[in-house]
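**Student:** My questions will all concern the structure given below.
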Amino acid sequence: MDDLELIKRAKQGDLSAYSKLITIYSPVVERFAYQMGNHIDDIPDISQEVFIRVYRFIDGFTHAKFTTWLYKITLNVSRDFKRKENQHAKRLQKVLNEPGEGAVQENGQLIREEEDRVLHECIQELDDKYRAPIILYYFHERKYEEIADILSVNLSTIKTRILRGKGLLKKLLEEAENGEGTING
């Protein structure tokens, strides 16, 4: 059964169709919410709120593409959640970033995880207007047109924001690399 059929059935009150939509799209929602800077422990709550909104507003769904609508909802819920939980999340993130003792890992895996952590932290430093397009384009493989629709801005703005965002991200990564070299070296 394709997305349009599931949506049609969900609009008619078919809870099994709605459940299938959740099963199919939960990983996408969770990954996008995390990449937008939400703490990993908050992802289930954000995902739940996204699918509550999908359920509440599915009758009003008129987009040609369900994923575009879903990304919009996820982006809005993430922003709302970050606004409400900003102070708590900062304190919690600080505690979680402290190195633990007794963790033994392969050198290659440790280096890869460190690179991923640095990239994630640098992406989080970007202004939201650059962060969202970068994440949607590079990590969710969305086309410029869909990103423009998700963020409700015109196509040329998306192209500019991705180009500028890439430049800013490159600069942040270089600064992180140089900063780590002087701190640890």
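**Student:** Between a first residue in region 39-54 that is in contact (Cβ under 8 Å) with a residue 12 or more places away in the chain and of a type in the set (Phe, Trp, Tyr) and a second residue that is open to solvent by 10 Å² or more (accessible area, probe 1.4 Å) and part of a helix (DSSP H, G or I), which pairs have beta carbons less than 6 Å apart while being 6 or more apart in sequence or on different chains?
**Tutor:** Partner pairs satisfying both residue conditions: PHE51/ILE22.
**Student:** Just for region 18-45: of the residues that are of a type in the set (Gly, Ala, Ser) and farther than 14 Å from PHE66 by Cα, which one is least open to solvent (accessible area, probe 1.4 Å)?
**Tutor:** Among residues in region 18-45 that are of a type in the set (Gly, Ala, Ser) and farther than 14 Å from PHE66 by Cα, the one least open to solvent (accessible area, probe 1.4 Å) is ALA33.
**Student:** Report those helices (runs of 4 or more DSSP H) wholly inside region 1-88 carrying at least 2 residues which are at pLDDT 95 or above, in contact with a helix residue (DSSP H, G or I) (Cβ under 7 Å, 6 or more places away or on another chain) and within 22 Å of ASP128 (Cα to Cα).
**Tutor:** The helices (runs of 4 or more DSSP H) meeting that bar are 15-35, 43-57.
**Student:** Every residue in region 157-175 that is over 18 Å from ASP128 (Cβ atoms) and crowded, with 16+ Cβ neighbours inside 10 Å, please.
**Tutor:** LEU173, the sole residue that qualifies.
**Student:** Also, I was wondering about something else. What do you reckon, is ALA103 buried (at least 16 other Cβ atoms within 10 Å of the Cβ), at pLDDT below 95 and not β-branched (Val, Ile, Thr)?
**Tutor:** Spelling it out, it is not the case that ALA103 is buried (at least 16 other Cβ atoms within 10 Å of the Cβ), at pLDDT below 95 and not β-branched (Val, Ile, Thr).
The values are calculated or read from the model by the stated rules, or taken from the named source; none is laboratory data. Just so we're clear, the structure is a prediction, and the values are computed from it rather than from any experiment. When we count neighbours, we look across all protein chains shown, and the Cβ atoms used for this are built from the backbone with ideal geometry, even at glycine. Surface accessibility is based on the protein's heavy atoms, side chains included, excluding ligands, DNA and RNA. Shrake-Rupley method; radii C 1.70, N 1.55, O 1.52, S 1.80 Å.
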